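Here the structure comes first, spelled out in structure tokens, and everything after it is commentary.
The values are calculated or read from the model by the stated rules, or taken from the named source; none is laboratory data. If you're wondering where the values come from, they're calculated on a predicted model, not measured in any experiment. Positions of Cβ are backbone-derived with ideal geometry, glycine not excepted, and every protein chain shown enters the neighbour counts. These area figures cover heavy atoms from the full protein model, side chains too; ligands, DNA and RNA do not enter into them. Shrake-Rupley method; radii C 1.70, N 1.55, O 1.52, S 1.80 Å.
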Amino acid sequence: MIFSRRPVQVAALTLLTLPIAAVTAPPQAAADAGKRPQAGAEAMARRMLAQLKVARPLSIRGYSHRRFQPRWAHHKGRCGTREVVLARDGRHVRRNAACQPIKGVWYSPYDGKRLKSEKQVDVDHVVPLSYAWRSGAGKWSQARRRAFANDLTRPELVVVSHSANIAKGGQGPQSWRPPRLLVPVRHLMDHGEASLPALRDAEGEGGLAQHAPHLSMTVMTMPRVNRDHILLTHPGTSKPKYLELRVDGVELHRNWWTGTGKPQGRTKPFDDNRAAREALEKVVTEKMRDGYALLRDAAATAPGDVVAQCTTRATNGVVTTALHPDGHTVAVARGIPGQPGQAGADVQTVDLRTGTRQVLYTEAYQYSLIHTVSFAPDGSHLTFTVRNTSSMAEASYRVTLATGHVQRLPHTRPDWDTARRRMLVVDNDHALRVLGPDGDSCLDLPAGKPFQTAATLSPSGRLLGLTHDPDNRDTEYDLEIWDVDTGQRVLAAPFPFPAGYQGISRRFDKLAFDGTEHILVASGGTSGCFGVSVESGDLCWAIEGERDGYERLADFAPSPDGTLLAGIRSGGPVIVYDVATGQPLEPRFAVPGEWSRWYQAVGFSADGRLLAVADYPGRVTVFRFDGVEFTKPGD
């Protein structure tokens, strides 16, 4: 799929083809606004887009909420900006002598919730303060930043639910979109409108001039799935069952049938199109939890679109997932419900052609966690590791798919090179060992402190990369590279964190080499994601984020050819990076359907055709990855 290299034009055309009037308003207001002429909305979109200037985001360094203080300025009497907004956007609001609301009803446009307690609501900056800082507010005067943070004239301040505000955090529209259907478009419009004053008069003053590239990234988020029409499949007991859902205007049509039987149907009208689409998504969520799945032929699916989507009942979501080499099966490791207050874990497979599910292994112990799931190159068996999160003891197993036979392995956490010639394992004493094709040891490294070392083999199996937690290490160095062929350590150095780095920790959870084996990627959920030169140990790149300046990824996976990196933050979406430069690319992949609480795992098929994403509370979405043409923001 080819995407335009003119982001502003793409954004304008997309916005002008969508209903953007009053989609964040309560249902009755939205219905009234839907009767207005669309010409005004189109003119607004054109006017806003004409004022956007394409520029690269600035650094987050130096940002603090204190730079915008007082964030809630005083107005009349004891009322601050927050109290003014709560009174303005609420209904039947009563306030005490200190101007604090004690009663009222508020509507949260981000997630559609009606809230009856002031404790459940937040006043959100549509353009987050950290985002404004990266867009040029760092060059403003303190008074101007204070005015921006307390702006009551433009749609910069909005009442939302506390949970939606926490999910959004400091993210901009390119990385977070409201879960409520159609709201992302209006949110995007508000985001642009709230920042336009700075665009108009801050040409040489560092105004908010970055919204054009962010706008294009939001519009170009994948997938472009038609969620107005969806077909779900259930394998059934003897014949497959089908459910077709289709939105036509304000009506939701349901048709269902078994096998080749005659379809039955039902139609239900709603107040507006948005309500009908929300009802469709609610049915999809419920049916997927009952075993239905969205299944498409990968060859007939457009690049970037969803090939399959299913949901498993999980207590702690999907911990990890893996795609079979033939692309027809996905393996899912999840937490499972147990007795009240307890939970175990299991591994199951889902056939992406029929939706058939098969549980391969169950661990009933409530403190179990299954990870490092992978298929054999020929697809004949599956390996995985079970960790007791109470004692931290681990055991790895191999399941033969044809027979279901489970065999415990003599080592844990097996990890192969791309050619599957060599395997990295951890022994029971936590020593690292690289095994050859015949099972003989090629390289042995002494035992270290449990779970304080991350390790990986290069694609060829020639190199072994290691990082150690600097606060809990037994070695002199944070970073090591070993030549497996010679058994020699070729690099030993402190990890090259950027100057001024102040991460929560300096520990990494996952490593990977690029395809040339010149760069080692190191990522940690509390440290950041960095690319390091294998030859010199110097820092090649760091992925910038909005918290402490560096991005934290919940998971990442290199493409099979080692040129791209698919990374996910807990709030999504999936962002693809150039491994050589760390540059984020467009488009991005967002999971369609019910709002995800957090993204948990990502992985490629062996041939690079498919990309699997797992998110809470137990959903797996498979995208077609091959054929997507990626571009740099602003190209």
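When a 1.4 Å probe is rolled over the protein heavy atoms, the share of accessible surface on the stretch 488-635 that falls to carbon and sulfur comes to 48 percent. Distance between the pseudo-spin-label points of Ser163 and Thr581 (7 Å out from Cα toward the beta carbon): 4.1 nm. The accessible surface of the stretch 66-173, taken with every protein chain in place and a 1.4 Å probe, is 49 percent carbon and sulfur.
Principal axis analysis of the Cα atoms in the stretch 487-600 yields extents of 50, 33, 23 Å, listed in decreasing size. Between the alpha-carbon centres of the stretch 402-461 and the stretch 599-614 there is a gap of 22 Å.
Remark: the stretch 496-538 carries 38 Å² of accessible area per residue (probe radius 1.4 Å; ligands, DNA and RNA excluded). Between Phe630 and Asp326, what's the calculated FRET efficiency when r is the beta-carbon distance and R0 is 30 Å? Round to 0.05. That gives a FRET efficiency of 0.75.
Once a ≥ b ≥ c are taken as the square roots of the eigenvalues of the Cα gyration tensor of the stretch 224-316, is the result rounded (a/c under 1.5), prolate (a/b larger than b/c) or oblate (a/b not larger than b/c)? It is rounded, given that a/c, with a ≥ b ≥ c, falls under 1.5.
Express the carbon and sulfur contribution to the solvent-accessible surface of the stretch 350-414 as a percent, rounded to the nearest whole number, probe 1.4 angstrom.
Working: 1600 of 3130 Å².
Using a 1.4 Å probe with all protein chains present, the stretch 350-414 comes out at 51 percent carbon and sulfur.
If you model the stretch 93-134 as an ellipsoid using its alpha carbon gyration tensor, with each semi-axis the square root of five times an eigenvalue, the axes come out at 25, 15, 6 Å, biggest first.
Once R0 is set to 30 Å, what does the formula 1/(1 + (r/R0)^6) return for the Cβ-Cβ distance between Val406 and Ser117, expressed as a FRET efficiency to the nearest 0.05? It comes out at approximately 0.05. Computed about its Cα centre, the charge dipole of the stretch 78-151 is approximately 180 debye, with only Lys, Arg, Asp and Glu carrying charge at their Cβ. Return the subset of Lys241/Lys262; Lys119/Lys168; Lys241/Lys287 for which the Cα-Cα distance in this structure is over 20 Å, preserving the input order. With Cα atoms farther than 20 Å apart: none of Lys241/Lys262; Lys119/Lys168; Lys241/Lys287. Reducing the stretch 231-282 and the stretch 80-114 to their Cα centroids gives an inter-centroid distance of 39 Å. With the simple spin-label model, which puts each label point 7 Å out from Cα in the Cβ direction, the Gln264 to Ala300 separation comes to 2.7 nm.
Given the Cα-Cα distance of Arg91 and His229 and 0.36 nm per residue of separation, how much length would full extension add, in nm? If you can, show how the numbers build up before the last one.
Details: separation 138, 0.36 × 138 = 49.68 nm, distance 3.62 nm.
So the extension gain works out to 46.1 nm.
I'd like the FRET efficiency for Ala419 and Ser391, computed as 1/(1 + (r/R0)^6) with the beta carbon distance as r and R0 of 45 Å, rounded to 0.05. Don't jump to the answer; show the numbers that get you there.
On the way: r = 35 Å, r/R0 = 0.79.
The calculated FRET efficiency here is 0.80.
The accessible area of Tyr397, taken with all protein chains in place and a 1.4 Å probe, comes to roughly 40 Å².
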